[in-house]
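A.B. asks: The structure under discussion is supplied below as C-alpha cells; questions concerning it will follow.
The values are calculated or read from the model by the stated rules, or taken from the named source; none is laboratory data. Not measured: the values here are computed from a predicted model. Here Cβ is always computed from backbone atoms with ideal geometry, including for glycine, and neighbour counts include all displayed protein chains. Just so you know, the surface numbers come from the protein's heavy atoms only, side chains and all, with ligands and any DNA or RNA stripped out. Shrake-Rupley method; radii C 1.70, N 1.55, O 1.52, S 1.80 Å.
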Amino acid sequence: MRIGFFTDTYFPQVSGVATSIKTLKDELENKGHEVYIFTTTDPDAESLEKDIVRMPSVPFISFTDRRIVVRGMWFAYQIAKELELELIHTHTEFGAGLLGKMVGSRLKIPVIHTYHTMYEDYLHYIANGKVVRPTHVKHFIRMFVNRSTGVVCPSQRVVNTMKRYEVDIPMRIIPTGIKIEGFVRQDITDQMLADLRMQLGITNDQLMILSLSRVAYEKNIQVIVQQFPKILESLPNARLVIVGKGPHREALEELVAELDLHDFVQFTGEIPHDQVAVYYRAADYFVSASTTETQGLTYAEALASGTQCIVEGNDYLEALLDDERLGVTFSKDEDFSDTLIDYVRKGLVLDDKLKERKLIEISAQKFGDEIYDFYQEMIEYYQKNHQKSLLSQKRPVEKVRVKIASFKNSVDK
C-alpha cells in the first residue's frame, strides 16, 4: 500500500506526535508498505531526505518551535498523484491536515485522521484564552474530522471528546506504540546507571523520582513540586529530577526557591535522545500529574525501561497500569503525595513475566498491525460509501432528464 502522512510537525522537530509518526512509518515500511511524509519546511532539516516532501511554512502562533504549512496544494497534489497514493493519513487539523483533505478529495481516496491534541487544554497559549473558546474548538474539530473517512483515537478520552464534539464517522481506539528496543537495551550497564546518579548527586540509598516531559504549564509539574515538602517529611531520601525544556521552567525554578527545595529538586534541561532510556532506568519511579495526555508515550517508555509509574489517572492510564506492580494512578492533584508515599512503602516489584506481557501490548508492531487493519476496513468503507455518493449524485440528474422528457411530450401534444 502507498500511504501519505500529512503533518505539521516532523523531525528534526522533536515532539510526541513526530515520534509516533516516525514509529508508525517505520513499522508500516517493515511490513512492506510505502510511506511518504508531507510536512513543513525546517531550517534544520537535511537538504536531501528520502520519502519526505516539505512544503512552505511559517512558525505557528504562540508555538514558535512548531511550524504550519501556508501553501503548496497544487505541489502536494501533483506529487501525491505521481506517487499513486492509495490512502492519506492526516496528523494535524491545520495547514498540512487541510492540504491532506483536499488532496484526498481530488485523488478520490480515503483520508484517515489521528486526533493527537486536546486543544481545549492549550487555549491559554492564545491571547490567554480570551479569543478562542472551547465552543470554537468543538465546531472546528467537528467540521474537520467529519470530513475524514475514519478517525484513530489514541485513548478512550479522545473517543469521549469526539462524541462530545458530535463527530459521527467510524472511530477506533488504537494506543500509540513505541519502539521497545530503544528502551530494552543490553548496552545500558549498571555502571552507566551508577555514573548518571553520581552525576546528578543522587546516592544509592536515595530515591530518584523522575519527571520527563515538555516543561509546560499544562504538564502540571507544579503539583509535584508543591507537594514535594510533604513527600520529604515521610521520605527524606527522595530526590526529584525534572528532565525537559519548555516555557514553564523559570516559574518552576522560582517555586523551588520559594519552597527552599534547592537541595532536593534539580532541572537537567533537554537531554540527548540516546540518554532518555538511561534516565528512565536510573530512576526509581516515574511521576506525572499531567491531565492533557492523549497517547502517553512517556508512560509506555518508563514501563518498557522497567520503571514503575505514579501518575494522574485517565482511561488510557487505567488500562495501561492494569497491575499494581506496574504503577498506580491518583484521581486528583492533591492526592499525589499520599499516593506516592503509600506506593513506595509497599515496595512492589515489577517482575520480568509481567513486563514481557506489557511490552507486547505497547510495542510498535502491535500499533502498526492495528493501524493497518483499520486502513483496510476504511478502504472498504470508503469504496461502499463513495459508490453510494456517486449514485445519489446521479439520481437527481436522471430525475431532471425525466422531467424534461415529460415536458417535451406535453408540449408536442
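A.B. asks: For R67, enumerate residues with amide H under 5 Å from its amide H, sequence gap 5+ or separate chain, H modeled in the peptide plane.
C.D. replies: Those qualifying (amide H under 5 Å, at least 5 residues apart or on another chain) are F60.
A.B. asks: Could you list which residues have their amide H under 5 Å from that of I173, counting only those 5 or more apart in sequence or on another chain, with H placed in the peptide plane?
C.D. replies: Close amide H contacts, sequence-distant or interchain: C153.
A.B. asks: If you don't mind, there's one more thing I want to ask. With point charges of +1 on the Cβ of Lys and Arg and -1 on the Cβ of Asp and Glu, referenced to the Cα centre of the chain, which listed residue (P56, V328, Y77) lies farthest in the positive direction of the dipole?
C.D. replies: Of the options given, the answer is Y77.
A.B. asks: Next up: Compute the acute angle (0 to 90°) between the alpha-carbon long axis of helix 352-361 and the principal axis of greatest extent of the alpha-carbon atoms of the chain; round to the nearest 10°.
C.D. replies: Result, in degrees: 20.
A.B. asks: Who wins for biggest fluctuation among R357, R67, R54 in a Gaussian network model of the chain, springs between alpha carbons below 10 Å?
C.D. replies: Maximum fluctuation in the GNM of the chain, among the listed residues, is at R357.
A.B. asks: So what is the orientation-averaged projected area of segment 124-258, using the convex hull of its C-alpha atoms, in nm²?
C.D. replies: 12.4
A.B. asks: If you don't mind, another one. Would you look at the GNM of the chain, springs on alpha carbons closer than 10 Å, and say which of A18, A302, A257 moves the most?
C.D. replies: Ranking A18, A302, A257 by mean-square fluctuation puts A257 first.
A.B. asks: Follow-up. With a 1.4 Å probe and all protein chains left in place, how much of the accessible area of the chain comes from carbon and sulfur atoms, in whole percent?
C.D. replies: Of all accessible area on the chain, carbon and sulfur atoms account for 52 percent.
A.B. asks: Moving on. For E312, which sequence-distant residues (separation of 5 or more, or a different chain) have an amide H within less than 5 Å of its own amide H, given hydrogens modelled in the peptide plane?
C.D. replies: Amide H neighbours of E312: S288, A289, S290, F330.
A.B. asks: Hey, another quick one. Let a ≥ b ≥ c be the square roots of the eigenvalues of the Cα gyration tensor of segment 251-293; is it rounded (a/c under 1.5), or, if not, prolate (a/b larger than b/c) or oblate?
C.D. replies: It comes out prolate by the Cα gyration axes.
A.B. asks: Here is a further query. Along the charge dipole of the chain, which of S47, H139, V225 sits closest to the positive end, that is, farthest toward it, with unit charges on the beta carbon of Lys, Arg, Asp and Glu (+1, +1, -1, -1)?
C.D. replies: H139
A.B. asks: Which order do H136, H273, H91, H262 take by accessible area at a 1.4 Å probe, largest first?
C.D. replies: From most exposed to least exposed: H273, H262, H136, H91.
A.B. asks: When the distances between all Cα atoms of segment 5-80 are binned every 10 Å from zero, what whole-number percent does each bin get?
C.D. replies: 18, 52, 27, 3
A.B. asks: Another question, then. Tilt of helix 249-258 relative to the longest C-alpha principal axis of the chain, in degrees (0 to 90, nearest 10)?
C.D. replies: For 249-258 against the chain, the angle is about 30 degrees.
A.B. asks: What is segment 283-393 by shape, rounded, prolate or oblate, if you read a ≥ b ≥ c off the alpha carbon gyration tensor as root eigenvalues and call it rounded for a/c under 1.5, prolate for a/b larger than b/c, and oblate otherwise?
C.D. replies: Taking the square roots of the gyration eigenvalues as a ≥ b ≥ c, segment 283-393 is prolate.
A.B. asks: In whole percent, what relative contact order does the chain give with Cα contacts below 8 Å and a gap of six or more residues?
C.D. replies: Relative CO of the chain lands at 14 percent.
A.B. asks: Modelled label-to-label distance, D205 and H136, 7 Å Cα→beta-carbon offset: nm?
C.D. replies: If labels sit at D205 and H136, their model points lie 5.7 nm apart.
A.B. asks: Residue by residue through segment 315-322, which ³J(HN,Hα) values in whole Hz follow from phi under the Karplus form 6.51 cos²θ - 1.76 cosθ + 1.60 (θ = phi - 60°), with glycine and proline marked x?
C.D. replies: 4, 4, 6, 4, 6, 5, 9, 8
A.B. asks: Another question, then. Indicate the gyration tensor shape class of segment 188-301 (rounded, prolate or oblate), computed on the Cα atoms with a ≥ b ≥ c the square roots of the eigenvalues: a/c under 1.5 is rounded; otherwise a/b larger than b/c is prolate and the rest oblate.
C.D. replies: Here segment 188-301 falls in the oblate category.
A.B. asks: Something else now. Enter the angle in degrees (range 0 to 90, nearest 10) between the Cα long axis of helix 16-30 and the first principal axis of the Cα atoms of the chain, meaning the one along which they spread out most.
C.D. replies: 70
A.B. asks: Semi-axes of the equivalent ellipsoid of the chain: what are they in whole Å, largest first, if each equals the square root of 5 times a C-alpha gyration tensor eigenvalue?
C.D. replies: 46, 22, 21
A.B. asks: So what are the ³J(HN,Hα) numbers for segment 206-217, from phi and the Karplus equation (6.51, -1.76, 1.60; θ = phi - 60°), rounded to whole Hz, Gly and Pro as x?
C.D. replies: Couplings: 9, 8, 8, 9, 10, 10, 9, 5, 5, 8, 10, 4 Hz.
A.B. asks: Where the centre of each part is set by its Cα atoms, how far does segment 283-332 sit from segment 159-220, in angstrom?
C.D. replies: Going from one Cα centre to the other spans 8 Å.
A.B. asks: Take the chain, connect every pair of alpha-carbon atoms lying under 10 Å apart with a spring to form a Gaussian network, then pick out the residue of L87, L200, L212 with the largest mean-square fluctuation.
C.D. replies: Evaluated over the chain, the most mobile residue of the options is L200.
A.B. asks: Calculate one ³J(HN,Hα) per residue across segment 264-273 by plugging θ = phi - 60° into the Karplus curve 6.51 cos²θ - 1.76 cosθ + 1.60, and present them in order as whole Hz with x for glycine and proline.
C.D. replies: 10, 10, 9, 10, 9, x, 6, 10, x, 4
A.B. asks: Across 5 Å bins from 0, what is the distribution of all Cα-Cα pair distances for segment 238-319, in whole percents?
C.D. replies: Result, from short to long distances: 3, 12, 22, 23, 22, 13, 4, 0 percent.
A.B. asks: Cα-Cα over 29 Å: which of K230/K346; K179/K384; K25/K358; K245/K346; K81/K179; K101/K219?
C.D. replies: K179/K384; K245/K346; K81/K179; K101/K219
A.B. asks: May I pose another question? To the nearest Å, what is the center-to-center distance of segment 231-278 and segment 27-50, using C-alpha atoms only?
C.D. replies: Measuring centre to centre over Cα atoms gives 35 Å.
A.B. asks: Using DSSP to call loops (not H, G, I, E or B), can you name the GluC sites (Glu not before Pro) in segment 44-102 whose Cβ has at most 15 other Cβ atoms within 10 angstrom?
C.D. replies: E46, E49, E84
A.B. asks: Per residue, how much accessible surface does the chain expose to a 1.4 Å probe? Answer in Å², no decimals.
C.D. replies: Value returned for the chain: 49 Å² of accessible area per residue.
A.B. asks: Antiparallel as a % of all DSSP beta bridges within the chain, to the nearest 5?
C.D. replies: Expressed as a percentage, antiparallel bridges in the chain total about 10.
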